[in-house]
Amino acid sequence: RDEADVIARSVGSLLTQDYPGHFRVILVDDQSLVRSGFRMLIESEDDMEVVSEASNGLEALDVLRRMPVDVALMDIRMPQMDGVEATRRITASPLDTKVLILTTFDLDEYVYAALKAGASGFLLKDARPTELLSAIRNVADGDAVVAPSATRRLLDHVVPTLPNDPKAADKRLSVLTDREKEVLVEIAKGATNAEIAQTLYMAEGTVKTHIGRLLSKLECRDRVGLVLFAHEVGLI
């Protein structure tokens, strides 16, 4: 449970980071009233806009083939094609679109299916507006966001299956520099980029550079993968 709390804080910290830019969002939900509410919230921000809407996964794919979109805000239960299958097809395609799953169903099978399909985020629809807006920014910037309750259960499911081989751990860690290991430890503790920069006395830009190298060397898709790796090799 202590490990679950650490990783939950790690992923939850992504909700508090702010990123510059202008983000294009598509709303994918079979309820028009829900889409209207999300549109009003998103378009109240200066750095993001809703460029299209879709009522199911098939419609979303058709839109994404015709226009560039940074983030697809995706429901799970929809007719014709659900959010998990749509996510799988989006992430398997050349489309440069990240998927943020937003659902009312906090069920294990949905969490695992969505993340396995390649979703960069998983939030519940009762998330605070500020959390949702920050999640969109983080996902667009290449990070991952998972609802803390789902993250804790995900870790409960994954940690018991992680291998406990010191030799294998040493081999995987050997590709990292000492500085990269320090950054990895801070990520696993749940530190934001700003907190890592302050702790390790480096610029935030340098922190982002180290994170990019960690993702590449360890073949992790996002920060969630880095946190799991740190637990797997015993850094935490």
Determine the gain in length on full extension of the stretch Leu235-Lys116; use 0.36 nm per residue of separation and subtract their C-alpha separation, reporting nm with one decimal. 40.4 nm
Whose amide H sits under 5 Å from the amide H of Met202, counting only residues 5 or more places off or on another chain, with H placed in the peptide plane? none
Report the gain in length on full extension from Leu58 to Thr91: 0.36 nm times residue separation, minus Cα-Cα distance, nm rounded to one decimal. 10.4 nm
Sequence-distant residues sharing a close amide H with Phe122 (under 5 Å, placed H): Ile101, Val145, Val146, Ala147
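Of all GluC sites (Glu not before Pro) in region 17-96, which ones are in loop regions per DSSP and have a Cβ with at most 16 other Cβ atoms within 10 Å? Can you show the working numbers first?
Details: sites: Glu43, Glu45, Glu49, Glu53, Glu59, Glu85; in loops: Glu43, Glu45.
Hits after loop and neighbour filter: Glu43, Glu45.
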Between Lys98 and residues 5 or more places away or on another chain, the pairs with built amide H atoms under 5 Å apart involve Val71, Ala72
When the Karplus curve 6.51 cos²θ - 1.76 cosθ + 1.60 is applied with θ = phi - 60°, which whole-Hz ³J(HN,Hα) does each residue of region 81-93 get, with x for Gly and Pro? 8, 7, x, 5, 5, 4, 4, 4, 6, 5, 6, 8, 9
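Every number here is computed from the coordinates shown, using simple stated rules; none is lab data. Quick caveat: nothing in here was measured; it's all calculated off a predicted structure. With ideal geometry, Cβ positions are generated from the backbone for all residues, glycine too; neighbour counts draw on all protein chains shown.
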